[in-house]
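Chemist: One structure follows; several queries about it will come next.
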Amino acid sequence: MRGNLNILTIYIPVEGDNCFPVENFLIMKRTAIHAIKQIINSSNAVSRPLLVLVLAFTVGILVSGLLEPGLFLIFGLSFLVFLVAIFSFFVGRRGTGLLVALLSFLLGLLTGGLAWQGIDQSILKYCDHYVIIEGTVRQAPEYRLDSIEYVLDVETVRVNGKMYANSGGVLVRVKGKQGKFGYGDRLRVEGVLYRPSTPGNPGSFNYRKYLARQNIVALTTVKPDHVQRLAKGAPGLLGAAAVMREKMMQISRDTLSPTHAAMLNGMMFGSRGEIPHDLQQAFSESGLAHVLCVSGLHVGIVLGGLLILLRMMGTPVSWLPGVITPILLFYGAMTGFGPAVLRATVMALLLLWGHRLGRERDWPTTLALAALIILALNPLQLYEVGFQLSFAATWGILYLGPWLQEKMENWRLPGWTKSTLQVTVSAQLGTLPIVIQYFNLVSAASIISNLVALPLTGIILLMGFAAGGIGLIIPLAAQVINAGTEILLSIYEWLVLVIRNIPGASHYTAPWPWWVIVAWCAGLITVVEWCRVRPLIPISGSRKSWAAISVTCLVALAIWQGSSGNNLEVHFIDVGQGDSILVRLPGGKDMLVDTGGWFGDFDGEPGVGDYVVVPYLRRLGINELDAVVLSHFHEDHAGGLRAVMKAVNVAVLVTPPLEEELDANTGVQEILAVASQKNIPVRFGNYGDQLFPDSPVKISFLGPLQEPFDGTRSDLNNNSLVLFMDYKNTEFLLSGDIEEEMQEKLVERGALQPVEVLKVAHHGSRYASAAFMEQVEPMVAVISVGEGNRFNLPSSEIISQLEDMQVTIYRTDRDGAVIVSSNGKGLNIKTGR
C-alpha cells in the first residue's frame with residue numbers, strides 16, 4: 001500500500017517547504033493514512049481507491065447524458081450520502097467505501113447534468129435571420145482549405161434594426177483566407193445564422209452535438225468584408241500562446257509547400273484543416289492518423305527534447321521539473337489543450353514531480369488522476385473520441401506493453417525496434433474497439449508504418465519547432481532549416497501513400513456490438529493475467545491458447561452477424577437533394593444504385609461521395625460492391641461515383657447507353673476514366689436485362705427502352721435505368737428520374753404491377769403520370785429529397801395523390817435514411833431520424 005498512498009499525497013509539501021511546520025505535515029499524513037486504511041478495509045481491500053472513485057464519477061457523467069436527471073434531487077441525494085458516509089466513517093461501520101463510491105457516482109451525475117444544462121441556447125431564436133452579432137473570439141482560429149473558422153462568444157445581436165444583449169457560442173466560417181483575426185479579438189459579423197441539422201443516416205457524425213459540447217449552437221458562413229475587428233485581444237497566457245502558434249504556423253506556410261506546411265502544422269499543433277482530404281484518408285488507412293493529432297506522442301517528443309537540451313546545458317536534475325512545467329503548459333495552451341494533450345501533460349508532470357519528490361509511481365492511479373482533472377474541468381470531454389482514444393491507448397501501453405516486452409525479450413531485434421513494436425501493438429490492441437466504433441477501420445499496416453515513420457516524426461517535429469522558434473528572430477534561419485524539413489516531409493508523404501496502397505493494408509468493418517467489446521477487453525485482460533501471474537488453479541498452455549482463440553471467434557461472430565442474412569435490405573441513403581440506394585441481397589451481395597451528388601461534385605472537389613456515401617458503406621463494413629448501377633448521368637445521381645470507385649472495389653458499373661453528347665460531357669469522361677483506371681468493366685443496361693440471375697432476388701430492368709426518348713422535357717431523365725426487384729412476395733420499384741412520357745410508355749406496355757415499395761421518380765416532381773401510380777399501387781413510397789431544396793420538391797400534387805391512395809410516405813429530408821428490410825413475406829422499416 002505504501003506506493004499507492006504516496007501517489008495520493010504527491011502534492012503534499014515535503015521538509016524544506018515554507019508552507020507549514022513538518023510536525024503538522026506528519027500529523028496530517030498519519031491522519032490521512034489512517035482514514036484511507038479505514039476506507040480500504042471497509043471496501044473489500046480496494047488497493048487503488050482513487051481509481052475506483054474516478055470510475056464511479058465517470059459512470060455518473062455517462063448516465064447524466066442518458067437520463068437528464070433532476071439536479072435538485074441529485075444534489076439532495078449527494079448531500080444525504082455525504083452525511084451518511086461521514087457518520088459511517090467516524091463510527092467505524094463497514095461499507096464506507098461503497099458509500100464514497102456512490103457519492104462519486106452522484107457527483108458525476110450532478111456535474112454532467114450541470115454541464116449539459118449549461119449549454120447556452122438563447123441565440124437559437126435568431127436562427128434563419130439575417131443578424132449583426134458582436135462578440136469575442138474564444139480560441140485560436142481553425143484554418144480550412146477554403147476558409148477560416150472562428151468561435152465567437154456572442155455579446156449582442158442586432159435583428160431588424162434592434163439590438164439585444166445575448167450570449168452563446170457561434171461558429172463563424174469566413175470564406176477565403178483574408179482578414180485573419182486572433183484569440184481575444186472583438187468582432188462584428190453580419191450574416192444569416194443557422195443551426196446544424198441532425199444526422200439523417202444512422203451512425204453518422206452528429207455535428208450538432210459535437211458543437212454543443214463545445215457550447216456552440218449556431219453557425220454562419222460569411223464573406224471577408226462581412227467581418228470587422230472592433231478591438232484587438234488583450235494579452236495574457238492563452239493570448240500569448242495563440243499568437244505564438246499563429247506566428248509559427250505562418251512560418252511553416254511561408255517556407256514550405258502548402259501541403260507540407262499543412263502536414264507540419266498538423267504534427268506540431270493538431271491543425272489538420274488545410275491537409276487535403278485524400279491525404280488525411282491515406283494517413284488513417286496507413287495507421288498514422290495519430291501523427292496529425294497532437295497526443296501523448298507529441299508531448300513525449302517535446303518532453304524528451306527538453307530533457308536532452310536542458311541536460312546538455314548543464315541544468316541540475318532538481319531544477320528540471322520547475323523549468324519544464326511552464327514550457328509544457330505553454331505548449332499545451334498552443335495546441336488548445338485537447339484531451340489527449342491534457343492527459344499526457346498531467347501524467348508527464350506527475351512523473352517529473354513524483355521523481356523530484358521521491359514518490360513511487362503507480363500508473364493506474366496517475367491515469368485516474370489525469371482523467372479526474374480533465375472531467376472536472378469539462379465533463380463533456382468524456383464523449384470526445386480524442387479523450388477515449390487517449391486513455392485507451394495509454395491503458396494499452398502501460399498494461400499490455402510490459403507483457404509484450406516480456407514476450408519479445410528473446411527476439412533478435414534492435415532495442416528501438418522492439419520498443420516501437422511494443423508501443424504500437426499495445427496501443428492498437430487497447431484502442432481497437434473505439435477505432436472500429438468511430439472509424440470502422442482496422443489498419444493492418446500500422447505496425448510497419450509506425451516502425452518506419454515514428455523515428456522520422458520525431459526528427460520532423462524537432463526541426464519544425466526549431467524553424468518556428470528561431471524563425472521568429474531570424475527568418476532566414478527558418479528557410480534554411482525548413483529546406484531540410486521539406487525533403488523529410490516529401491519522404492514522409494511518399495511513405496504514407498506507399499504503405500496505404502499495400503494490398504490488405506486496411507479493412508473497414510461494421511461496429512462491434514457491446515458484448516463483443518466486453519469480450520475483447522476481458523480477453524485481453526485474461527490473456528495477460530494468465531501469462532503474467534501464477535493462477536490458483538494451474539492452467540495449461542493449451543487452455544491459454546483456447547482462451548485467445550475464443551476471443552477471436554467472438555469477434556469473427558460479431559462481424560458475421562453484421563451481414564443481412566436471409567433478408568433483402570434496401571437503404572435509401574440521405575444524400576440531400578439526390579438519390580443513392582444501397583441494396584443488400586440475401587447471401588451477401590451488395591449493389592449500389594446511384595451515388596448522390598452535390599452541386600460542383602463533377603468539378604473534382606470532395607463531395608457527397610466522400611462525406612456521405614463512402615462513410616455509409618464503411619459503417620456497414622462494405623469493402624466491395626458487386627455492382628454499381630447508375631440510373632443516369634445527372635450530377636445529383638452520379639456526382640459521388642468517382643469517390644465510391646476510388647474507395648471501394650467495384651465489380652461492375654452498369655449505366656444507360658451513352659449518347660454522343662453525353663460521351664463528350666466532362667463529368668461522364670471523368671467517371672469513365674476512373675472506371676478504366678480501376679479496371680472496372682462498364683456494362684450498358686436496357687429493358688429486359690437482368691442482374692445477378694443466381695440471386696434469390698429477381699432484379700430486372702424496365703428501362704431505358706430500346707428506342708431512347710428524344711425531344712422530351714428531359715431525355716436524360718426519361719432514359720433512366722429503372723429497376724424492378726422481386727423477392728418472394730415482396731416487390732420494389734426503383735424508378736430513377738423517369739417523367740410522364742416514360743411512365744406512360746410503361747403503362748402502355750403492361751410492364752407494371754403492384755409493388756410494396758416505390759422509390760418515387762424524380763424526387764417527387766409534378767411531371768408524373770397518374771395512371772403509372774395507379775398501376776404500381778404502392779403500399780410504401782420513398783421520396784429522396786433534400787431539406788429546403790431550391791426546386792420545392794416534392795410537389796404538392798404528388799403528395800396529394802399518394803395521400804389519396806393511402807400510401808405510407810417516407811421522405812429523406814424529414815425521416816433521414818429509410819431502411820426497408822424484407823424476408824419476402826413482410827416489411828420492416830427503420831429511419832435515420
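Chemist: Could you sort the peptides 218-228, 777-787 by per-residue average Cβ neighbour count (10 Å cutoff), highest mean leading?
Modeler: Working: 218-228: 16.9, 777-787: 21.3.
Sorting 218-228, 777-787 by mean packing, highest first, produces 777-787, 218-228.
Chemist: Here is a follow-up. Calculate, in nm to one decimal, what V498 and A234 gain on full extension: separation in residues at 0.36 nm each, minus their alpha carbon distance.
Modeler: Gain on extension, V498 to A234, equals 90.3 nm.
Chemist: Here's a follow-up. Hey, if you put +1 on the Cβ of every Lys and Arg and -1 on every Asp and Glu Cβ in segment 731-833, which of N823, G786, V747 ends up farthest toward the positive end of that dipole?
Modeler: Looking along the dipole axis, the top candidate is N823.
Chemist: Can you give me the solvent accessible area of Y767 with a 1.4 Å probe, rounded to the nearest 10 Å²?
Modeler: 80 Å²
Chemist: Let me spell out the model: positive unit charges on the Cβ of Lys and Arg, negative unit charges on the Cβ of Asp and Glu, origin at the Cα centre of segment 352-444. What dipole size does that give, in debye rounded to 20?
Modeler: On the way: 6 positive and 5 negative charges, 47 e Å.
Its charge dipole is roughly 220 debye.
Chemist: Taking H as built 1.01 Å from N, whose amide H comes closer than 5 Å to the amide H of S506, not counting residues under 5 places away?
Modeler: When sequence neighbours closer than 5 places are left aside, the close amide H contacts are A444.
Chemist: OK, next. I'd like the accessible area for R356: 1.4 Å probe, protein heavy atoms, all chains in place, Å² to the nearest 10.
Modeler: 110 Å²
Chemist: Now for a separate question. Explain nothing, just the number: dipole magnitude of the chain about its Cα centre with +1 on each Lys and Arg Cβ and -1 on each Asp and Glu Cβ, in debye rounded to the nearest 20.
Modeler: Numbers: 63 positive and 68 negative charges, 1003 e Å.
Charge dipole, the chain, about its Cα centre: 4820 debye, nearest 20.
Chemist: What accessible area, in Å² to the nearest ten, does a 1.4 Å probe give for E409?
Modeler: Looks like 120 Å² after rounding.
Chemist: At 1.4 Å probe size, put K180, K232 in order of accessible surface, largest to smallest. Don't skip to the end; give the middle numbers.
Modeler: Numbers: K180 80, K232 155 Å².
These residues rank, largest area first, as K232, K180.
Chemist: Here's a follow-up. Take I699, I525 and sort them by solvent-accessible surface of the protein heavy atoms, 1.4 Å probe, largest at the top. Intermediate results must be reported in sequence, preceding the final value.
Modeler: Details: I699 5, I525 70 Å².
Result of the area sort, largest leading: I525, I699.
Chemist: With r as the distance between the Cβ atoms of E529 and V91 and R0 = 51 Å, compute the FRET efficiency 1/(1 + (r/R0)^6) and round to 0.05. Walk me through the intermediate numbers first.
Modeler: Values: r = 37 Å, r/R0 = 0.73.
E between V91 and E529, to the nearest 0.05, is 0.85.
Chemist: Keeping all protein chains in place and using 1.4 angstrom, which order do S419, S390 fall into by accessible surface area, from largest down? Write out the running numbers ahead of the final one.
Modeler: On the way: S419 60, S390 10 Å².
Reading off the accessible areas and sorting them downward yields S419, S390.
Chemist: Order these peptides, 369-379, 98-108, 667-677, by their mean beta-carbon neighbour count within 10 angstrom, highest first. List each step's numbers first, then the result.
Modeler: Working: 369-379: 19.6, 98-108: 21.8, 667-677: 16.0.
Ranked from most to least packed, the peptides come out as 98-108, 369-379, 667-677.
Chemist: Then there's this: Tell me the angle of helix 237-255 to the major Cα principal axis of the chain, expressed in degrees between 0 and 90 and rounded to the nearest ten.
Modeler: 60 degrees
Chemist: Next question. Contact order normalised by length for segment 450-519, with contacts defined as Cα pairs under 8 Å and 6 or more residues apart; what percent is it?
Modeler: On the way: 27 pairs, mean separation 17.6, N = 70.
Worked out over segment 450-519, it gives 25 percent.
Chemist: Also: With angles folded into 0 to 90 degrees, how steeply does helix 740-749 sit against the dominant principal axis of the chain? Use alpha carbons for both and round to 10.
Modeler: 60 degrees
Chemist: Same structure, new question: Taking 0.36 nm per residue of separation and subtracting the Cα-Cα distance, what length does fully extending E803 through E406 add? List each step's numbers first, then the result.
Modeler: Values: separation 397, 0.36 × 397 = 142.92 nm, distance 6.98 nm.
Answer, rounded to one decimal: 135.9 nm.
Chemist: Between R195 and W514, what FRET efficiency comes out of the Förster formula 1/(1 + (r/R0)^6) with R0 = 35 Å and r the beta carbon distance, rounded to 0.05?
Modeler: Numbers: r = 31 Å, r/R0 = 0.89.
FRET efficiency, W514 to R195: 0.65.
Chemist: What base-10 log of the normalised intensity I(q)/I(0) is obtained for the chain from the Debye formula, alpha carbons as equal point scatterers, at q = 0.05, 0.06, 0.09 Å⁻¹?
Modeler: -0.34, -0.49, -1.07
Chemist: With each pseudo-label sitting 7 Å past Cα toward Cβ, what's the D146-T417 distance in nm, one decimal?
Modeler: Distance between label points: 4.7 nm.
Chemist: What is segment 285-369 by shape, rounded, prolate or oblate, if you read a ≥ b ≥ c off the alpha carbon gyration tensor as root eigenvalues and call it rounded for a/c under 1.5, prolate for a/b larger than b/c, and oblate otherwise?
Modeler: oblate
Chemist: On to the next question. Hey, with R₀ at 25 Å, roughly what FRET efficiency would D128 and S167 work out to, going by the Cβ-Cβ distance, to 0.05? Walk me through the numbers on the way to the answer.
Modeler: Working: r = 19 Å, r/R0 = 0.78.
After rounding, the FRET efficiency stands at 0.80.
Chemist: Please sort 342-349, 278-285, 680-687 by packing, taking for each peptide the average over its residues of neighbouring beta carbons within 10 angstrom, highest first.
Modeler: Working: 342-349: 22.1, 278-285: 19.9, 680-687: 15.0.
Packing proxy ranking, top to bottom: 342-349, 278-285, 680-687.
Chemist: What is the spin-label model distance, in nm, from E774 to H355 if the labels are put 7 Å beyond Cα along the C-beta direction?
Modeler: 8.6 nm
Chemist: Of all the accessible heavy-atom surface of segment 563-720, with the other protein chains kept in place and a 1.4 Å probe, what percent is carbon and sulfur? Could you put the intermediate results ahead of the total?
Modeler: Values: 2790 of 6170 Å².
Roughly 45 percent, rounded to a whole number.
Chemist: Oh, and also: Hey, what angle do you get for helix 514-532 against the long axis of the chain, alpha-carbon based, 0 to 90 degrees rounded to 10?
Modeler: Computed tilt is about 40 degrees.
Chemist: Shifting gears a bit: Per 0.36 nm of contour for each residue apart, how much would the distance between R208 and V159 grow if the chain were fully extended, relative to their Cα-Cα spacing? Walk me through the numbers on the way to the answer.
Modeler: Working: separation 49, 0.36 × 49 = 17.64 nm, distance 2.37 nm.
Here the segment from R208 to V159 would lengthen by 15.3 nm.
Chemist: Okay, next question. What is the distance, in nm, between label points placed 7 Å from the Cα along the Cα-to-Cβ direction at K177 and at V317?
Modeler: A separation of 4.8 nm, rounded to one decimal place.
The values are calculated or read from the model by the stated rules, or taken from the named source; none is laboratory data. Every value quoted in this text rests on a predicted model; they were computed, and no experiment measured them. Virtual Cβ from ideal backbone geometry, glycine too; neighbours counted across all protein chains shown. When the accessible area is computed, the model is the full protein with side chains, heavy atoms only, and any ligands, DNA or RNA have been set aside. Shrake-Rupley method; radii C 1.70, N 1.55, O 1.52, S 1.80 Å.
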